[in-house]
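Q: Take this structure, written in structure tokens, and hold onto it; I'll ask about it next.
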Amino acid sequence: VGDGEAGAEVYCVANDRSQTKRVFEPALAMATKSAALAKRIKAVPSRYRLVKRDDMMSYVQALSCELRIAEGVNAHAVFVDELHSFDERGRKRFYELRFADCARAEPLFVVISTAGDNELGIGYEQYEFSKSVLAGTREDITHFVYIAEPKEGEKPGSVEAIASANPLLNVTVQLDEIQDKFKKSDGRPGERNQYLRYRENRWIKQSADPWLRLKDWDACDGEFEPSPGDTCFGGLDLAAKYDLSAWSMCFPLGDDEYAFTAHFWLPEEHIQEREQNDRLPYRKWVDDGWMTLTPGPTTDYEFIEQRIADDAALYDLIDFGFDPCFARRSAQRLQDEFGLTLFEFAQTPGHYTEPCKLFAECVKARRLRHDGNPLLRVHASQVAVRSDAGGRIMPIKADKNRRWYHIDGIVAVLMAFQRATANEGVTGGMPMAVQL
């Protein structure tokens, strides 16, 4: 309506239908309640569309990332709402529209979002890029950035932090109300995280009290590549049918230092659903060699068993721990057909307490080296430990309410690590303890 662009296609994009409706309704209200706009714009609420009356090819269309975007989109302007909530499906839609304006003379692409809690998503990716433009480390004269967030050193709940994150403080939001919400969130980690996101615009990267800090984890990335014949111990966490399966090998390096690798499997027919639910680029990691897709709708254990047998033939695999809940049959076949030595690793605090404590110490002291598997890094960021009445601990999801949280890789790593530390000094022979 405003700039006279012929056939102007304008898109308002949100992650799901519910948010799309919230985006469209204010525009619909403006178009129908303004007499001047109503003369020029026809509303089609059932299609979430506003059409210019004298140019039916010019319209505003609200889109949900749940729907496929047709080929041939020629966007004049795109407005993206709450990018932090976009999953991997949303990432795809974002880039489809981001590059759908090449035929326009002066296209506009606007992103509006609060802070989120998924540092692997497209929202955090764009946030980091925008920060680099502001800092001057990346040059992009087409990229205008405005971020209202606390400055470095401004403590949560402080007047300075609140003012930095709320440019209309005491106009649309009141200082005393925000301070009251901060006080009420004390001692409630979940509520405190929500306060930090929505009142101070801070990204929440991990649980409030993470077991493994990603800063320490990343410092252990040693690009480790084992040599044939190296002594190692394994850990196997098999999925029931549809979930991730993980296999890890731990290589003792001497002087209380260890290195490990990890590999993952998913059923091929569920890859799209899992990418959307978990908000992770699984197919990219398959292409990069960190994961394998097994054919069909459920996990094909033969693929995993063959990988373990191949690793046992290549390295000096002393034994491996496995969760008997789902892996008993595979473990038995590996023992019967390939002669591998097994350790039945019940998922109880009794088995996990010592390896968990030592593992955390080794990560913090940089005595571990890993191969940089990006999915294992995700699992490291999503794991916490739970203590029982006796002070024993075992790994759990840092937030059980987040369905996209998984710790399968860390579980496999801890089982392999326990076997290595329990059999310290053992090479080429029977382990100290075997349960079948």
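The values are calculated or read from the model by the stated rules, or taken from the named source; none is laboratory data. Just so it is clear, the structure is predicted and the values come from calculations on it, not from any experiment. All Cβ positions, glycine included, derive from the backbone under ideal geometry; neighbour counts span all protein chains shown.
Q: Being at pLDDT 90 or above, farther than 19 Å from GLY121 by Cα and in contact with a Phe, Trp or Tyr (Cβ under 9 Å, 6 or more places away or on another chain) is the requirement here; does HIS263 meet it?
A: The answer is yes for HIS263.
Q: Shifting gears a bit: Quick one: is PRO228 within 24 Å of the chain's Cα centre (by Cα) and assigned by TED's automatic domain parsing to the domain that holds PRO374?
A: no
Q: What's the number of the condition GLU96 fails, among (1) surrounded by 19 or more Cβ atoms within 10 Å (Cβ to Cβ); (2) in a helix (DSSP H, G or I)?
A: Failing condition for GLU96: (1).
Q: Right, another one. What's the number of the condition ASP371 fails, among (1) under 20 Å from GLY121 (Cβ atoms); (2) touching a Phe, Trp or Tyr at 6+ places or on another chain (Cβ under 9 Å)?
A: Going through the list (1) under 20 Å from GLY121 (Cβ atoms); (2) touching a Phe, Trp or Tyr at 6+ places or on another chain (Cβ under 9 Å), ASP371 breaks only (1).
Q: On to the next question. Considering only residues that are out of contact with any strand residue (DSSP E or B) (no Cβ under 7 Å at 6 or more places or on another chain) and small (Gly, Ala, Ser), which ones fall in the range 334-377?
A: GLY339, ALA346, GLY350, ALA360, ALA365 - these are the residues of the range 334-377 that are out of contact with any strand residue (DSSP E or B) (no Cβ under 7 Å at 6 or more places or on another chain) and small (Gly, Ala, Ser).
Q: Quick one: GLY229 ticks every box in (1) in contact with an Asp or Glu (Cβ under 7 Å, 6 or more places away or on another chain); (2) in a strand (DSSP E or B) bar one, so which box is it?
A: GLY229 satisfies every listed condition except (2).
Q: Continuing with the same structure: Tell me which residues, restricted to the range 348-370, are part of a loop (DSSP other than H, G, I, E, B) and either at pLDDT below 90 or exposed (fewer than 15 other Cβ atoms within 10 Å of the Cβ) (or both).
A: Scanning the range 348-370 gives THR348, ALA365, ARG366.
Q: Would you confirm whether or not the range 78-88 contains a residue that is among the polar types (S, T, N, Q), in contact (Cβ under 8 Å) with a residue 24 or more places away in the chain and assigned to a strand (DSSP E or B)?
A: Checked the range 78-88: no residue is among the polar types (S, T, N, Q), in contact (Cβ under 8 Å) with a residue 24 or more places away in the chain and assigned to a strand (DSSP E or B).
Q: In the range 99-115, what count of residues is obtained for those that are at pLDDT below 90 and surrounded by 19 or more Cβ atoms within 10 Å (Cβ to Cβ)?
A: Of the residues in the range 99-115, 2 are at pLDDT below 90 and surrounded by 19 or more Cβ atoms within 10 Å (Cβ to Cβ).
Q: Can you tell me which residue within the range 136-187, out of those that are of a type in the set (Gly, Ala, Ser) and either more than 20 Å from THR114 (Cβ to Cβ) or part of a helix (DSSP H, G or I) (or both), is farthest from the chain's Cα centre (by Cα)?
A: Step by step, filter the range 136-187, then rank; the result is ALA163.
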